Amino acid sequence: MPTVRIPTVLRKHTDNQAKVTADGGTVGDVLRAVAKQYPGIKEQLFDGDTVRGFINVYVDDEDIRYLDGLDSAVAPDDEVAIMPAVAGGA
Amino acid sequence: MRFDDITQAIGGTPLVGLPNLSPPGYHLHIKLEGHNPTGSVKDRVALYLIEQAEKQGVLQPGQRILEPTSGNTGIALAAICRTRGYALTCVMPENTSEERKQILTMFGAELVFSPATEGSNGSVRMAQEMAAGDPAVFMPFQYGNPANPLAHYETTAPEILADLPEIAAFVAGLGTGGTVTGVGKRLKQHDPAIKVYAAEPEYGDLVYGLRNLDEGYVPEVLDVDVLDSRIKVDSRGALEWTRRLATEEGIFAGVSTGAALAVAVRVCKRLPEGSHIVVLSPDGGWKYLSTGAYAPGDLDEIADRIAGTLWA
C-alpha cells in the first residue's frame, strides 16, 4: 500500500504520525483515503476538489503539477509526500 | 582577463564536462558559478538588483539596503555595497553556517537573525516587517524582484547557449526560482524543445514546522510554467552526489549542486540518447565545511545529523 508523508503542521490530525498508509491507484484516491481516515485533514488539504495553494504534493519525489495532478498514478510501493510551500535558501 | 573593478569580473563562468558521472549515452556539463568573485551565482543577481534600482532611482547614494538572505545573496550584495558606498543589513536564519556570518561581517554587513524554526520564510517575513517600518531603507527583495530572473536571462543563459548551443535540458536548484525562471525562458526562446527541471531541496521537519499552512510561501519571481518538472531531493541524495562530484570528477561544490546533479541523472532517461544536459552549480563547498557535510563517515548518519542546518 502507498505511504503518505504528513508534514509537521498537519500531524495533529494524524495522531502525530509522520507517515500513514492509504490505498488508491491515483494521488487523488490516496489523499481522499487519508482524509476519510483522518477527517480533520480534509479541509487543510483540499479547497473544493483541488489541493490548496500553499501545498506541494509529490509522488516518488516528483511534483504532481507536472504529472497528471490528482490523477497521477501511484504504484503500491510509491511514497506520496505532502509538503508546505516554503521560501528556499538564497 | 583584466577588469577595472570587482563587479566587472562577474559572470563568464566555466562550463565543465562530467565524463565520469554522465550516464552511458548522455553528456552532463556543470556550470561552475562558484567561480564568480564572491563565490556564488548570486553575484549576478546582486549586481542586477543594485544596478536596476540605481537606474530606476529608488536607491540613493549612501542609502541602507535591507535583504532577507541565507547567505550567498547577502555576501554578493555586501561586496558590491563596499565598492559603491551603501550600507547593508541582512536578515538570515540563525542556523546559517559560521563561514557565511564571518564573511558578511568582514564585508561590513549588519546581521539580523530570524528563528531557525521558520527557515527562509522567517527571514522573508522579518525583513518585510522591518522594511515596512523604516522608509529609509531600500529592500531589493530577490524573491519578488524581476531583476533577479533578468540577470539569468541576460547573462547566465546566453553564456550557456554560446558554449553549448545543442543543450537539451537544464537543471538548477529552487531557492527564489530566479535561476530556473530566467535561464529557462531564454533557453526556451532559443529552442522550445529544451527541458527545464528544478531540483527542490527537501528541507526537513525543522523548516516545514509552520504553525499553519497559510504561512506557506511561493516566491513571486518563480514562473512555474517554465518548468517541465520539479523534483525534490533529500539531504542524503544531495550529499551523495556532492561527494561523488568531488571523488569522481575532482569538483568541490556546495550541497545544492549535489541536489541538482541528482535530478540531472534522474531525468536523463527521459531525453533522447546523446543529449547534453547542463547542471548549474550555484557555489563551491567552502562555506559549508563547518556543517560537517564533507566530514568522513557514514552518509546516512551524516545526513541525519546535519539535516537541520544543511539547507539553512
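Only the coordinates and a few stated rules stand behind these numbers; no lab work does. Everything quoted here is computed from the prediction, not taken from an experiment. Please note: Cβ atoms are built from the backbone with ideal geometry, for glycine as well, and neighbour counts cover all protein chains shown.
Basic side chains Lys and Arg get +1 at the Cβ, acidic Asp and Glu get -1 at the Cβ, and with that the dipole of chain B about its Cα centre reaches some 380 debye.
Oblate is the label for region B:42-138. Its Cα gyration tensor axes, ordered a ≥ b ≥ c, give a/c of at least 1.5 and b/c at or above a/b. The relative contact order of region A:1-53 comes to 28 percent, based on Cα pairs under 8 Å that sit 6 or more residues apart. In region A:3-84, what % of DSSP beta bridges are antiparallel (nearest 5)? Given both bridge residues lie in region A:3-84, the antiparallel proportion sits at roughly 80 percent. Taking B:190, B:152, B:276 in turn, the Gaussian network model of chain B (Cα-Cα springs below 10 Å) assigns the largest fluctuation to B:190. For region A:34-48, putting each phi into the Karplus relation 6.51 cos²θ - 1.76 cosθ + 1.60 with θ = phi - 60° gives couplings of 5, 5, 6, 5, 10, x, x, 7, 4, 6, 6, 8, 10, 10, x Hz, in residue order, rounded to whole numbers and with x for Gly and Pro. Couplings 3J(HN,Hα) for region B:289-302, derived from phi with the Karplus relation 6.51 cos²θ - 1.76 cosθ + 1.60 (θ = phi - 60°), are 4, 5, 6, x, 4, 10, 5, x, x, 6, 4, 4, 5, 5 Hz, where x marks Gly and Pro.
In region B:153-239, what GluC sites (Glu not before Pro) fall in a loop by DSSP, with at most 12 other Cβ atoms inside 10 Å?
Here the sparse-neighbourhood loop sites are B:166.
Around the amide H of residue B:138, modelled in the peptide plane, lie the amide H atoms of B:64, B:65, B:66, all under 5 Å away and 5 or more residues distant in sequence or on another chain. Going toward the positive end of the dipole of chain B, with +1 on Lys and Arg Cβ and -1 on Asp and Glu Cβ, which of B:136, B:275, B:227 do you reach last? Farthest towards the positive pole: B:275. In this Cβ point-charge picture (+1 for Lys and Arg, -1 for Asp and Glu), region A:3-84 has a dipole of about 520 debye about its Cα centre. When restricted to Cα atoms, the protein assembly as shown yields an Rg and a Dmax of 20.8, 66 Å, respectively. Among B:245, B:271, B:222, the largest mean-square fluctuation in a Gaussian network model of chain B, built with springs joining Cα atoms closer than 10 Å, belongs to B:271. Whole-Hz Karplus values for region B:272-281 come out as x, 4, x, 5, 9, 10, 9, 10, 8, 9 Hz, taken residue by residue from phi with 6.51 cos²θ - 1.76 cosθ + 1.60 and θ = phi - 60°; glycine and proline positions read x.
D for chain B, whole µm²/s, Stokes-Einstein with Kirkwood Rh over alpha-carbon pairs at 25 °C and 0.890 mPa s: what number? The estimated diffusion coefficient comes to 125 µm²/s.
For the pair region B:167-200 and region B:32-107, the centres of their Cα atoms are 24 angstrom apart. Rounded to the nearest 10 degrees, the inclination of helix B:42-56 to the longest alpha-carbon principal axis of chain B is 40 degrees.
Entry for region B:129-189 at q = 0.13, 0.16, 0.27 Å⁻¹: log10 I(q)/I(0) = -0.42, -0.56, -1.09, Debye formula applied to identical alpha-carbon scatterers, no solvent contribution. Listed cross-link partners B:31/B:269; A:19/B:188; B:42/B:195; A:12/B:101; A:12/B:42 are compared with a 27 Å cut-off, the Cα-Cα value being larger for A:19/B:188; A:12/B:101; A:12/B:42. Basic side chains Lys and Arg get +1 at the Cβ, acidic Asp and Glu get -1 at the Cβ, and with that the dipole of region B:119-268 about its Cα centre reaches some 200 debye. Taking the longest Cα principal axis of chain B as reference, the axis of helix B:255-267 is set at about 40 degrees.
Can you tell me what share of the DSSP beta bridges in the protein assembly as shown is antiparallel? A percent to the nearest 5 is fine.
Beta bridges within the protein assembly as shown, antiparallel portion: roughly 35 percent.
When both region B:212-230 and region A:24-75 are represented by their alpha-carbon centers, they are found 17 Å apart.
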